[in-house]
Each structure stands twice: as C-alpha cells, then as structure tokens.
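Read the structure below first, then the notes.
The values are calculated or read from the model by the stated rules, or taken from the named source; none is laboratory data. Here the structure is a predicted model, which means the values were calculated and not measured. Methodologically, a virtual Cβ is constructed for each residue, glycine included, from the backbone with ideal geometry; neighbour enumeration extends over all protein chains shown.
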Ligand code: SF4
Ligand code: SF4
C-alpha cells in the first residue's frame with residue numbers, strides 16, 4: 001500500500017480536508033490530564049499525541065444510553081428511533097482501540113446480530129496513529145504493537161518532522177483524494193517499547209486461567225475492590241448492557257432504554273426475585289479477567305483484552321489486570337515446574 005509524508009505543519013489542513021468529506025471525531029484535551037474523542041470543530045484543537053482517551057470510540061457505535069423504543073398506550077403506538085450509519089472518520093485512534101472495534105464487530109455479529117451497533121458501524125473509517133506506551137499500556141503482550149495498522153484505513157506513523165501516512169484500504173485512499181502529499185521513501189520508525197508485559201502467550205494463558213480458577217488472588221484483589229464498575233465502563237471491549245422500561249406518571253407512555261452495564265457491579269447479576277448469582281466481589285473479579293482471557297478467547301484463540309491499560313489506570317483501588325494475570329502465570333509455573 002502507498003505511503004506518504006505528512007509534515008506537522010500540514011496536519012490541520014489534512015484534518016480540514018477530512019472534514020470536507022465526513023464528520024470527523026478525534027481526541028481533544030479535557031481538563032488538565034484527560035483526553036476524549038469528540039466531533040472536530042476546529043482542526044487545531046485535535047491532539048494526536050496523547051496517552052489514552054477516557055473512553056474508546058466504542059461510545060459512538062454503542063452509546064452509553066440509547067432509547068430502543070417508545071410506546072403510547074392511549075394512542076396504541078410503539079415507535080423505534082431511526083438508527084443511521086455514522087459515515088464518519090475516526091482520526092487519531094491508537095492501534096489497540098482499532099482492534100477493540102474489530103472485537104466488538106465479532107461480538108455483535110455473532111449469534112443474533114445487533115442491528116443498532118452494526119448499522120452505526122457502516123461507513124466508519126479509522127485513521128490510526130502511533131503512540132508512545134506509558135506505564136499502563138501492555139498491548140504488545142496481546143499482539144498489538146504501537147504501530148499495528150490492523151483495522152485502520154489510514155495510519156499515521158510518527159516520524160521526524162511529521163508522520164509517515166500509510167493508505168491501507170480503498171476507503172483510506174479515497175480520503176486522500178484531492179490532498180496531494182509527497183511519497184515517504186524512508187523506512188518506518190521502530191515501534192516504541194512497552195513498560196508492562198504479560199509473560200505468556202494466549203495459547204498458554206487458557207491453561208493458566210483454568211488452573212487459577214480457585215486462586216487466592218481473587219479474594220486478595222477483591223478486598224481492595226469497591227465494586228465501582230469503572231474498569232468495565234472504560235474498557236473498549238466490554239459490551240454488556242442492561243435494558244429497562246420506564247413509564248411516565250400516567251402509566252400510559254414510556255420508553256425502553258439500553259445502558260452500559262458492568263460485571264463488577266453487584267446489580268449486574270441480580271435477577272428476578274432478588275437472587276444475585278455472583279454475590280462475592282472475588283467472583284466478579286474472576287469473571288472479568290476470564291472474559292478477557294478465557295471464555296471468548298477459548299473460542300477465538302485471541303485475548304479479548306487489547307492492552308489499553310484503561311482499567312488499571314482508572315482503578316482507584318490500584319488493581320492491575322496485568323499483575324493479576326502475571327500472578328496466575330507464576331503460580332501455574334511453580335506448580336508445573
Ligand atoms: S475499577 Fe477497581 S475498584 Fe472499581 S470495580 Fe474495577 S477493580 Fe474494583
Ligand atoms: S481489560 Fe483493561 S487493559 Fe484490557 S482492554 Fe479492557 S480496559 Fe483495556
């Protein structure tokens with residue numbers, strides 16, 4: 001695929017060129033230290049060199065809250081909101097978040113395809129950007145180097161004075177039409193190293209987790225956990241939701257709403273009659289980690305964690321998914337030695 005040179009001084013013009021074709025979403029600074037994807041209004045507000053955003057671009061395909069239908073018993077009507085393809089460009093997406101979208105695609109197309117998510121995904125183009133791993137990133141351990149272009153239509157590799165811009169799909173090439181750029185003849189810079197690692201491949205991890213099902217680590221970590229659910233809410237591959245009907249005071253009108261939910265929350269496993277089938281925080285901790293490295297992974301052969309580090313960076317209790325997994329690896333190796 002073709003590779004071009006985008007000098008730093010032309011980045012805002014490049015963003016304006018993207019805006020002339022589609023709605024563009026990109027990282028913006030929020031407060032002092034946070035970053036969030038938002039619709040681009042002024043190209044100069046876009047931040048392409050950032051550690052991680054609070055949420056991934058998942059929020060645009062699977063909104064945190066959405067109305068699924070509304071009903072009116074007086075008029076005897078029931079209506080579903082119209083869901084349309086986003087037809088947008090997501091600019092400045094890190095490699096792990098691009099791959100998280102592919103994992104969500106798998107989840108929402110498998111079994112009973114999820115119409116709203118899949119409709120919104122149509123026409124969405126992703127322009128990835130390389131990043132410098134901080135102390136929380138570990139995507140290299142789950143097969144996603146910082147310069148991995150999987151799932152992207154264009155990719156910006158940071159290099160001296162700007163970016164080596166790779167065109168990876170016909171959709172990406174189309175975005176470049178009418179914006180002439182010189183070829184980038186030099187090689188790509190080496191991907192930046194990671195400071196966090198999980199020390200076994202997924203092929204072994206499935207045995208490690210099976211062995212660690214009754215590990216003491218779940219209780220030890222659960223003692224610190226406040227069951228706030230933040231780790232679920234920030235995770236780009238978590239996709240669980242709750243659906244609730246609400247009615248107005250006349251009990252004749254109402255709506256059905258879908259909201260993000262999380263398996264670390266006690267209410268997540270509360271069912272009719274008040275039974276809670278994962279009452280203990282330790283069981284909930286184990287479930288989250290097994291969802292990322294065993295249950296779906298045993299079917300797909302891939303970790304379902306993309307190593308973004310958000311859950312650890314956001315956890316006020318200092319609970320690290322990398323530390324948990326490496327503890328299980330050490331325990332497994334000690335027994336098998
Ligand atoms: S963010 Fe930390 S404290 Fe909150 S539920 Fe997750 S592990 Fe527990
Ligand atoms: S489990 Fe944690 S590190 Fe893995 S994808 Fe989710 S938030 Fe990122």
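Among the residues of segment 32-48, count how many are within 22 Å of the chain's Cα centre (by Cα) and either modelled with pLDDT of 95 or more or assigned to a strand (DSSP E or B) (or both).
Result for segment 32-48: 10.
I need a count of the residues in segment 49-68 that are part of a helix (DSSP H, G or I) and either crowded, with 18+ Cβ neighbours inside 10 Å or in contact (Cβ under 8 Å) with a residue 40 or more places away in the chain (or both).
3
Of everything in segment 230-240 that's in a loop (DSSP other than H, G, I, E, B) and in contact with a strand residue (DSSP E or B) (Cβ under 9 Å, 6 or more places away or on another chain), which residue is nearest to ligand 2 (Cβ to nearest atom)?
The residue in question is 238.
Being over 20 Å from residue 302 (Cβ atoms), outside the structural domain of residue 157 (by TED's automatic domain parsing) and surrounded by 14 or more Cβ atoms within 10 Å (Cβ to Cβ) narrows it down to one of 216, 221, 244, so name that one.
221
Within segment 184-229, count every residue that is more than 16 Å from ligand 1 (Cβ to nearest atom) and assigned to a helix (DSSP H, G or I).
Adding up the residues that qualify gives 10.
Do the conditions hold for residue 105, that is, is it assigned to a loop (DSSP other than H, G, I, E, B) and surrounded by fewer than 21 Cβ atoms within 10 Å (Cβ to Cβ)?
no
If we scan segment 232-242, do we find a residue that is more than 10 Å from ligand 1 (Cβ to nearest atom) and over 17 Å from the mean Cα position of the chain (by Cα)?
Yes, the conditions are met somewhere in segment 232-242.
List the number of the failed condition for residue 328; all other conditions in (1) in a helix (DSSP H, G or I); (2) exposed (fewer than 13 other Cβ atoms within 10 Å of the Cβ); (3) in contact (Cβ under 8 Å) with a residue 60 or more places away in the chain hold.
(2)
If you scan segment 279-325, which residues turn out to be free of Cβ contacts under 8 Å to residues at least 60 places away in the same chain, within 26 Å of residue 57 (Cα to Cα) and in a loop (DSSP other than H, G, I, E, B)?
Result: 320, single match.
Return the residue satisfying two criteria in turn: it lies in segment 300-325 and is away from ligand 1 (no atom under 16 Å from the Cβ) and over 16 Å from the mean Cα position of the chain (by Cα), and of such residues it is surrounded by the fewest Cβ atoms within 10 Å (Cβ to Cβ).
301
Is there a residue being in a loop (DSSP other than H, G, I, E, B), modelled with pLDDT under 95, surrounded by fewer than 16 Cβ atoms within 10 Å (Cβ to Cβ) and touching a helix residue (DSSP H, G or I) at 6+ places or on another chain (Cβ under 8 Å) anywhere in segment 269-278?
yes
Name the residue, out of 79, 64, 88, that is over 16 Å from residue 118 (Cα atoms) and either in the same structural domain as residue 149 (by TED's automatic domain parsing) or within 16 Å of ligand 1 (Cβ to nearest atom) (or both).
From the options 79, 64, 88, the qualifying one is 79.
Please enumerate the residues belonging to segment 258-291 that are in contact with a strand residue (DSSP E or B) (Cβ under 7 Å, 6 or more places away or on another chain) and within 16 Å of ligand 2 (Cβ to nearest atom).
Listed by number, the residues that qualify are 260, 261.
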